[in-house]
Amino acid sequence: MADEGLVHPRDSFAFEHGEEMDRAFITAYDRNRLHHAWLLTGPQGLGKASFAFRCARFLLGHQRDSQYGALGMSPDDADVRLISAQSHPDLLVLEREMGDTKLKKNIAVDAVRDIGEFFSKAPSRSPYRVCIIDSVDDLNINSANALLKVLEEPPHKGILFLISHNPGRLLATIRSRCRRLNFPPWTDAEVREFVTSRLDVDEEPLSRLVRLAHGAPGKALALADEGALELDAFAGQLLSVEKPPRSQLQAMATQFKSSSAKNDGARKFATFVACLSDRVHERSLSAETPQIGQSLALLWSRLSQSVSEVEAVNLDRGDYFWSIFNDLNQLK
């Protein structure tokens, strides 16, 4: 995660704060004890996917480049270029697919079953075949069981990288069959330095990005890229004495409700809730009275569950926003 700006993990070559992960993988590789499945865990935005692609380039490529660290590969390597072009025959990447207008909720079971077919074939142009699942949290019970069958029969010269932001929700049988690498959060000072080296941002919005990132530098860049600062300012207005005009509230509710190629309402709603939740939590700690503090704490608890609740039962995000707005108005 050390390239300028926000780049896709497949194109991220340097890896700050990743020496320990590099060392764990290279040690297993050098000792010929490379585990067939690696579970990469930690909050989103800490470089788990970047590390998975980093390992894939190391296993599939041939031209080493030490300036990018122990697992560094040259961007000019033919196999590395195929990986960047998403056309390497020995690499399979599973992610949620796009539906008609938005990402599907889960990785389909048929896609996971394709892993077995993929690993049944010998490597085409590299020593290994590699599969990356980003993320394994997106598997439903059927696709998780399909993955378990793959893990129970380790493929010859096949390596899986399973990315998980919430490993506690995975099947215990999946966790037990993987070697786990945990990615710890960075300090706020480290995130601040990371962001300022890539973005030209003033002190106040920078402080908000660092706070909202919660130790995940990649998340800070993603938040800036998707307009989180504007949503965060809007969340701040909702908690102020003078609320935004009705027209602005209606426009925002409409954006949350709709999903299209130009407007990802679900992501925008999730980002807004994260910003508002952070501000509510901060406000609850310095509330004027215990009663206000309790009301804010209850609202914060509701907000922490709202995105998953909306997705689970397919609630209208616009209507849910108005419900949150009414809760804010009732705060005394």
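Things to note:
- Qualifying aspartates and glutamates (Cα of each under 12 Å from Cα of K157; at least 8 residues distant if same chain): D90
- Region 52-62 - phi-based ³J(HN,Hα) in whole Hz, Karplus 6.51/-1.76/1.60, Gly and Pro as x: 4, 5, 4, 5, 4, 4, 5, 6, 9, x, 9
- Relative contact order, percent, the chain [alpha-carbon distance under 8 Å, six or more residues apart]: 17
- Put simply, the amide H of I132, placed in the peptide plane, has neighbours under 5 Å in L92, V93, L94, F161, leaving out anything fewer than 5 places away on its chain.
- Pairs over the 26 Å Cα-Cα cut-off, from the set K104/K219; K105/K243; K105/K268; K105/K149; K219/K257: K105/K243.
- Fluctuation leader among I159, I141, I107 - the chain, Gaussian network, Cα springs under 10 angstrom: I141
- Whether region 174-332 is rounded, prolate or oblate, judged on the alpha carbon gyration tensor where a/c under 1.5 counts as rounded: rounded
- The mean sequence separation of alpha-carbon pairs under 8 Å and at least six residues apart, normalised by the residue count of region 1-67, gives a relative contact order of 37 percent.
- Ellipticity estimate at 222 nm from DSSP helix runs (n ≥ 4, -39,500 (n - 2.57)) divided over the chain, nearest 500: -16000 deg cm²/dmol
- Cα shape, region 69-159, gyration tensor, a/c 1.5 rule: oblate
- The order of R211, R198 by accessible area, most exposed first and with a 1.4 Å probe, is R211, R198.
- The chain: most fluctuating residue of A52, A122, A216 per GNM, C-alpha cutoff 10 Å: A122
- Sequence-separation-based contact order of region 131-230, relative, with Cα cut under 8 Å and 6+ spacing, percent: 24
- Accessible heavy-atom area order of W300, W38, W186, highest first, probe of 1.4 Å: W300, W186, W38
- Against the criterion of solvent-accessible heavy-atom surface with a 1.4 angstrom probe, H156, H281, H62, H36 sort, most first, into H156, H62, H281, H36.
- Packing around the peptides 235-241, 320-326, 55-61, taken as the average count of other Cβ atoms within 10 Å per residue, puts them in this order, highest first: 55-61, 320-326, 235-241.
- GNM flexibility winner over the chain from A312, A233, A146 (Cα, springs under 10 Å): A312
The values are calculated or read from the model by the stated rules, or taken from the named source; none is laboratory data. Computed from a prediction, not measured in an experiment: that's the story for all the values here. Virtual Cβ from ideal backbone geometry, glycine too; neighbours counted across all protein chains shown. Note: accessible area is taken over every heavy atom of the protein model, side chains too, but ligands, DNA and RNA are not part of it. Shrake-Rupley method; radii C 1.70, N 1.55, O 1.52, S 1.80 Å.
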